[in-house]
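Asker: The structure's right below; bear with me while I get my questions together.
The values are calculated or read from the model by the stated rules, or taken from the named source; none is laboratory data. From a predicted model like this one, the values you see are computed outputs, not experimental measurements. Note: ideal-geometry Cβ built from the backbone for every residue, glycine included; neighbour counts use all protein chains shown.
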Amino acid sequence: MEVNKIHHYNCLDGLKKLPDKSINCCITSPPYWGLRDYGVEDQLGLESTPQEYVNRLVEIFNEVKRVLRDDGTLWLNLGDTYNNSPAGHKTVESLQGSSTANVGNNHQSNLNASHSRSVIKDGVLKQKDLVGIPYRVAFALQEQGWYLRNDIIWHKPNAMPESVKDRCTTSHEHIFLLTKSKNYYFNQDAIREPVTESTKERYNYGWGGNQQRGYVNGEQNHFSDYVGTKKAKEDIKKGRNKRDVWTVTTQPFPEAHFAVYPLDLIRPCVKAGCPEDGVVLDPFMGAGTTALVALQEDKNFMGFELNKEFIDIAYKRIGKLDKEYYKELPEEKKPKQQQLI
């Protein structure tokens with residue numbers, strides 16, 4: 001199967017066509033559960049219960065695990081939702097959604113609807129419960145053998161306002177870093193942050209003779225043996241290790257009719273997770289954000305998308321055309337871009 005191409009497949013069918021250990025990195029944002037109807041067969045997100053949704057994602061990411069190299073990484077962006085069913089009952093809630101596509105990068109703040117679909121919610125959930133979808137998925141993948149290495153918080157400083165009066169407004173989503181093996185490719189230097197003055201002090205002198213030893217957050221810490229060394233001083237110039245809260249402003253993309261994740265959110269994932277000449281996979285390609293950033297960072301991409309309209313949008317966005325895909329389109333419908341894959 002060709003790289004630098006968006007393949008018109010259900011992602012599970014597409015993944016099954018890929019050979020074992022052929023992908024370096026997977027970066028994706030599946031359609032969120034219970035938030036919108038894309039009006040297309042085989043779409044993800046309209047399952048009757050959270051567990052059905054989790055089970056489908058487990059099936060998909062088991063295939064992702066197979067196609068990842070042993071040193072590969074998965075960066076999984078997921079948002080959450082609240083249950084509006086009455087307590088103790090399985091009831092039907094009208095779900096507002098777009099009728100356009102089964103695509104990734106679908107965020108709670110973008111619910112401009114054209115029609116509704118009924119979704120039966122989980123009878124275990126009480127009315128107003130936060131469903132906890134991101135961690136349900138993360139723990140299910142952990143049970144399948146994935147290493148859950150990071151819960152990165154995407155802080156959205158321009159989050160959509162909410163009229164709720166009994167809780168705080170939601171202004172974050174999760175990006176889970178999961179790995180296939182204990183040891184994996186991770187280019188820390190590529191995503192280092194500027195060093196603060198307090199960090200410089202710790203790198204040079206530790207904590208005033210009380211240098212931290214033993215374990216930090218469950219992992220062995222060798223910082224006390226590192227302080228003041230030549231490498232520590234070199235690392236100060238490079239920058240500090242990237243933190244796990246990323247403040248990234250959301251960006252509108254009207255042509256897609258849904259919220260895409262920002263380029264600056266995906267860039268650290270590509271830079272840290274994919275080596276030179278590697279392949280970045282997005283099973284829910286949507287408007288092509290993952291592909292665009294991969295190309296900008298001189299990596300290869302591969303993607304799957306159910307809806308041809310969004311394949312059109314993605315190719316126009318990344319400035320490439322797929323010759324095979326467009327050969328049957330009338331000339332007036334072909335995007336006016338230059339480069340053919």
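Asker: With respect to E332, is the statement that it is among the acidic types (D, E), farther than 14 Å from H7 by Cα and either in a strand (DSSP E or B) or modelled with pLDDT under 95 (or both) true?
Answerer: Answer is yes for this residue.
Asker: Okay, next question. If I ask for residues that are loosely packed, with under 13 Cβ neighbours inside 10 Å and at pLDDT below 80, which ones from the range 234-254 would you list?
Answerer: E234, K237, P252, P254
Asker: Name, by its number, the condition in (1) surrounded by fewer than 18 Cβ atoms within 10 Å (Cβ to Cβ); (2) modelled with pLDDT of 95 or more that does not hold for K308.
Answerer: (2)
Asker: Also: Mind checking which pairs have a first residue in the range 146-168 that is part of a strand (DSSP E or B) and a second that is of a type in the set (G, A, S), Cβ under 8 Å, 6 or more apart or different chains?
Answerer: Listed by first residue and then by second, the contacts come to Y147/S181; L148/A138; D151/A138; H155/S171.
Asker: How many of the residues making up the range 15-41 are touching a helix residue (DSSP H, G or I) at 6+ places or on another chain (Cβ under 9 Å) and farther than 26 Å from D80 by Cα?
Answerer: 8
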